[in-house]
Amino acid sequence: MQRYFLNKVQFHDKQVLIDGETARHISKVMRMAPGDNIICCDGEGACHYCTLEKVSADDVRATITKELSDNTELPVKVTIAHGLPKGDKLELVIQKATELGASGFIPFQAERSVVKLDKKKELKKIERWRRIAKEASEQSHRQLMPRIEAVHSISALIDQFSSYSSVILAYEEDAKQHKNKAFHQSLSLLKPEDNLLFIVGPEGGFTDKEVTMMQNAGAISCSLGPRILRSETAPLYGLSAISFYFELSG
């Protein structure tokens, strides 16, 4: 069943009012008609079965028939902080990490980030990243849509560490030195509803200065196994491991 993320203000008691791009998708792309059913999510975790009452390109109205009881969110809230990579790699990360359960993304300007975004380009990028996250949330039957924050400096990212239960830094030098236990140990200290910041560098990795700054601020550097992963692979590996640890290992 098609799922749509809407704003809370579009819900009025048992009625849902849909306009804009979502209305056009329902009427023109999906070619739905009154009597068809969809799922509407309010962006705050509540999703509802709804029956369409009126369908046009500009105005769709639906009636809530039942609230969904399924919980599809990761027990631990995971925010991915990613050093700006080249090309469209971050788009891939946002799409796939959303499917894997990420609750937020913080792109940041690392010393070895090749990409430099001015304010105009950044705003366009953020708009596109948010659209990708929305579509991926709908496709993967999420109850929440990940937040996409503005591009941070490394110091601004570090200032946010205190907002998280734990901060994990994926560090390839730990993999080269076979330090393979820190990631598992870090996960074992987390409880459901804790929030985790998972930090990944750009293609060139982190400088020694950046690693020292983050470690001094409380980040735990971790190996993600004996193989060196690409920057766009590391967050997906991390989320998969977190999902297995909290959702599939008993």
Practice task
Being of a type in the set (A, V, I, L, M, F, W, C) and assigned to a loop (DSSP other than H, G, I, E, B) is the filter; apply it to the range 219-240 and report the residue that is most open to solvent (accessible area, probe 1.4 Å).
Solution key: Ile228
Handout entry: Subset of the range 54-84 (residues that are over 30 Å from Gly201 (Cβ atoms) and charged (D, E, K, R))
Key = Lys54, Asp58, Asp59, Arg61, Lys66, Glu67, Asp70
Completion exercise
Output for Cβ contacts, cut-off 9 Å, separation at least six or different chains, first residue within 18 Å of Ile132 (Cβ to Cβ) in the range 2-31, second open to solvent by 90 Å² or more (accessible area, probe 1.4 Å) and not hydrophobic (A, V, I, L, M, F, W, C), reads Arg3/Gln139; Gly20/Asp58
Handout entry: Selected residue (only one of Ser243, Ser231 is touching a His at 6+ places or on another chain (Cβ under 8 Å) and touching a residue at least 60 places away in the same chain (Cβ under 8 Å))
Key = Ser231
Practice task
Might you check whether a residue that is in contact with a helix residue (DSSP H, G or I) (Cβ under 7 Å, 6 or more places away or on another chain) and among the β-branched types (Val, Ile, Thr) occurs anywhere in the range 48-65?
Solution key: yes
Handout entry: helices (runs of 4 or more DSSP H) contained in the range 103-188 and holding at least 3 residues modelled with pLDDT of 95 or more and within 19 Å of the chain's Cα centre (by Cα)
Key = 119-139
Fill in the blank from the handout: Per the filter on the range 1-50, residues among the acidic types (Asp, Glu), within 24 Å of Pro146 (Cβ to Cβ) and open to solvent by 60 Å² or more (accessible area, probe 1.4 Å) are Asp19, Glu21, Glu44
Fill in the blank from the handout: Looking across the range 192-202 at residues that are modelled with pLDDT of 95 or more and out of contact with any Phe, Trp or Tyr (no Cβ under 7 Å at 6 or more places or on another chain), the single one that is farthest from Pro235 (Cα to Cα) is Asp194
Exercise for the section: Filter the range 99-144 down to the residues that are farther than 27 Å from Pro75 by Cα and small (Gly, Ala, Ser), then identify the one that is surrounded by the fewest Cβ atoms within 10 Å (Cβ to Cβ). Expected result: Ser113
Practice task
Please specify each residue of the range 3-21 satisfying the condition of being touching a Lys or Arg at 6+ places or on another chain (Cβ under 9 Å) and of a type in the set (Lys, Arg).
Solution key: Arg3
Practice task
Could you please give the count of residues in the range 51-70 that are open to solvent by 30 Å² or more (accessible area, probe 1.4 Å), within 23 Å of the chain's Cα centre (by Cα) and not acidic (Asp, Glu)?
Solution key: 1
Problem - Test set (1) at pLDDT below 95; (2) surrounded by 17 or more Cβ atoms within 10 Å (Cβ to Cβ); (3) over 24 Å from His152 (Cβ atoms) - Ser243 fails condition number - result: (1)
Exercise for the section: Output the residues belonging to the range 193-218 that are touching a residue at least 60 places away in the same chain (Cβ under 8 Å), open to solvent by 10 Å² or more (accessible area, probe 1.4 Å) and in contact with a Leu (Cβ under 9 Å, 6 or more places away or on another chain). Expected result: Phe206
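The values are calculated or read from the model by the stated rules, or taken from the named source; none is laboratory data. No experiment lies behind these values; they were computed from the predicted model shown. All Cβ positions, glycine included, derive from the backbone under ideal geometry; neighbour counts span all protein chains shown. Accessible surface areas use protein heavy atoms only, side chains included; no ligands, DNA or RNA. Shrake-Rupley method; radii C 1.70, N 1.55, O 1.52, S 1.80 Å.
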